[in-house]
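Q: Structure below; questions to follow.
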Amino acid sequence: MSDSKLASLWTVWTPAIKSVLRIVAAFMFIQHGTAKLLAFPHSLLPGGGTMSLTILPGAGGIFELVGGALLMLGLFTRPAAFICAGEMAVAFFKVHFPQGFWTIFNGGELAALYCFVWLYFSAAGPGPLSLDAVRGRSGA
């Protein structure tokens, strides 16, 4: 298969693949929220249990659970993605960056990556496999 045929094949599938990326990333994002707020699939606390909503990670769990669910469904994708990108930027700069610049050493790879993935979806829209597309509000 030539490069141009491969490129045209991928061009046809690009919108659907964008939706799949959003759904998979949101599914993984939700797990951070459920671990913090519901101790599912496991608790992040040494003794088990859930995090208080009065501490930053607990409050972040709300964004991860609710925002992640909206993103997975592709509902209100652009504003939800923008808010989740902001939450991840705060997590990175408040928790990880003070431990050093390099993400491999400061443990901030996921926060930085989620920040830019959600920023992308806030600009690019959800793709065709979304409730926003069904509502005619995807813009992309």
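Q: Would you say Lys18 is more than 21 Å from Gly125 (Cα to Cα), among the basic types (Lys, Arg) and modelled with pLDDT of 90 or more?
A: Judged against the criteria, Lys18 is not a match.
Q: Of the residues in segment 28-42, how many are under 16 Å from the mean Cα position of the chain (by Cα) and among the hydrophobic types (A, V, I, L, M, F, W, C)?
A: 4
Q: Of Gly136, Gly100, which residue is loosely packed, with under 13 Cβ neighbours inside 10 Å and at pLDDT below 95?
A: Sole residue among the options that is loosely packed, with under 13 Cβ neighbours inside 10 Å and at pLDDT below 95: Gly136.
Q: While we're here: What are the residues in segment 103-128 that are surrounded by fewer than 17 Cβ atoms within 10 Å (Cβ to Cβ), in contact with a Lys or Arg (Cβ under 9 Å, 6 or more places away or on another chain) and assigned to a loop (DSSP other than H, G, I, E, B), if any?
A: The one that is surrounded by fewer than 17 Cβ atoms within 10 Å (Cβ to Cβ), in contact with a Lys or Arg (Cβ under 9 Å, 6 or more places away or on another chain) and assigned to a loop (DSSP other than H, G, I, E, B): Pro128.
Q: Hey, another quick one. Would a scan of segment 73-90 turn up a residue that is modelled with pLDDT of 95 or more, among the β-branched types (Val, Ile, Thr) and surrounded by fewer than 20 Cβ atoms within 10 Å (Cβ to Cβ)?
A: Yes, that holds for at least one residue.
Q: Turning to a different aspect of this structure: Given the condition more than 18 Å from Ala16 (Cβ to Cβ), in contact with a helix residue (DSSP H, G or I) (Cβ under 8 Å, 6 or more places away or on another chain), touching a residue at least 24 places away in the same chain (Cβ under 8 Å) and among the polar types (S, T, N, Q), answer yes or no: does some residue in segment 95-111 qualify?
A: No - not one qualifying residue is present in segment 95-111.
The values are calculated or read from the model by the stated rules, or taken from the named source; none is laboratory data. Quantities reported herein were computed from a predicted structural model and do not represent experimental measurements. Note that each Cβ is placed from the backbone with ideal geometry, even for glycine, and that neighbours are counted across all protein chains shown.
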